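K.L.:
Let me begin by handing over the structure; questions about it come next.
The values are calculated or read from the model by the stated rules, or taken from the named source; none is laboratory data. None of these values were measured; they are calculated from a predicted model. Note: ideal-geometry Cβ built from the backbone for every residue, glycine included; neighbour counts use all protein chains shown.
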Amino acid sequence: MKVSYLNDRFFSRLETLSLNLRKDLLGYFGGKHLVSTYGQTVEFADYREYQLGDDIRRIDWNLYSRFEKYFLKLFTDERQMQVQIFLDCSASMGKDNPQKASYAIGAAAAMGFLSVHNMDKVTFNIMKGDHAENQFGTIIGKTSFFRAITQIEDIPFDGEANILSCVTGCPDTSSGNGLTVIISDFFTDSDWKKAVDYLRYKNRQVLLVQILTPDEDEPMYDGRVNLIDSESVDLSDSKNMKIRITRSMQSAYAQALKDFKQDIRTFCSKRGADFITVRTDMPIEKVLFGQLLKVGIMS
């Protein structure tokens, strides 16, 4: 049964949050993010001595009358950022589990809403096969955002998604001007680590959101089962198998999944990226208020 998280109540709960992006990002003029450079806002930041070529209109004449030296007033700078959201729409993300697909769409929509709510630009990049489709263009403002999400719920989840090709082939990945979010279960043969390296090379802030179902996180299967790869088009694929699940296999799976998560977490920490893992039985608002606050993406 298809579940939808996108309603007025859902978005109203997000209006009290804002995205926390690094101050060394460049961005565009006219946003709400404070950056490390000085700019044209009305909020005072600091003084510095006058240098030849500076705008004399910024000289503080009160300080000159006291010290007989020219000092400039410096003000904070606020910028608009570009937020890229890459949504994995492969079969493992929801072909046989509509709730997982709806949850992934809800997480993407929540990040998109927070972006436009804070005057940022946002793009939804739908990852399928070897390329990402940007069906809605660059979204600025809530009117354009809500027009886009009326269509995003109808996106089918099937096939495979090559995260590396989708990210590196995206034409609008600018350098140093915002946040890139990748939403996936990361159950893929594609080298997503190189995708993260590419984004960090482009000096983008990176957030990986891993979405798992309770069955994927803590499987309760027992006895003889047929395991079928949801992304396989051939039932005779070697990934599909009939096996007997034992307690030792359950323990091995739990340890392998723990190691898999830790590998992602360690890699992201070394690259200066952020990583969270969530389950579909966890309210999306709890994820946003809890885990993203902990890693410092939101305030």
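K.L.:
Tell me, yes or no, whether region 72-90 has at least one residue that is modelled with pLDDT under 75, outside the structural domain of residue 176 (by TED's automatic domain parsing) and part of a helix (DSSP H, G or I).
P.N.:
Taking every residue of region 72-90 in turn, none turns out to be modelled with pLDDT under 75, outside the structural domain of residue 176 (by TED's automatic domain parsing) and part of a helix (DSSP H, G or I).
K.L.:
Whether any residue in region 43-66 is basic (Lys, Arg) and either at pLDDT below 60 or under 29 Å from residue 284 (Cβ atoms) (or both) is what I want to check.
P.N.:
Among the residues of region 43-66, not one is basic (Lys, Arg) and either at pLDDT below 60 or under 29 Å from residue 284 (Cβ atoms) (or both), which makes the answer no.
K.L.:
Which residues, counting only those in region 127-161, are of a type in the set (S, T, N, Q) and within 17 Å of the chain's Cα centre (by Cα)?
P.N.:
Scanning region 127-161 gives 134, 138.
K.L.:
Can I ask one more? List the number of the failed condition for residue 106; all other conditions in (1) over 25 Å from residue 276 (Cβ atoms); (2) of a type in the set (Gly, Ala, Ser); (3) in a helix (DSSP H, G or I) hold.
P.N.:
So residue 106 meets the others, but not (1).
K.L.:
What tally of residues in region 258-284 results from selecting those that are more than 19 Å from residue 182 (Cα to Cα) and at pLDDT 90 or above?
P.N.:
Count: 2.
K.L.:
Here's another thing I want to ask about it. Would you check if there is a residue in region 133-147 being in contact with a strand residue (DSSP E or B) (Cβ under 8 Å, 6 or more places away or on another chain) and charged (D, E, K, R)?
P.N.:
yes
K.L.:
Continuing with the same structure: Restricting to region 243-288, count the residues that are in a strand (DSSP E or B), in contact with a Pro (Cβ under 9 Å, 6 or more places away or on another chain) and either within 22 Å of residue 188 (Cβ to Cβ) or in the same structural domain as residue 206 (by TED's automatic domain parsing) (or both).
P.N.:
Here the count works out to 1.
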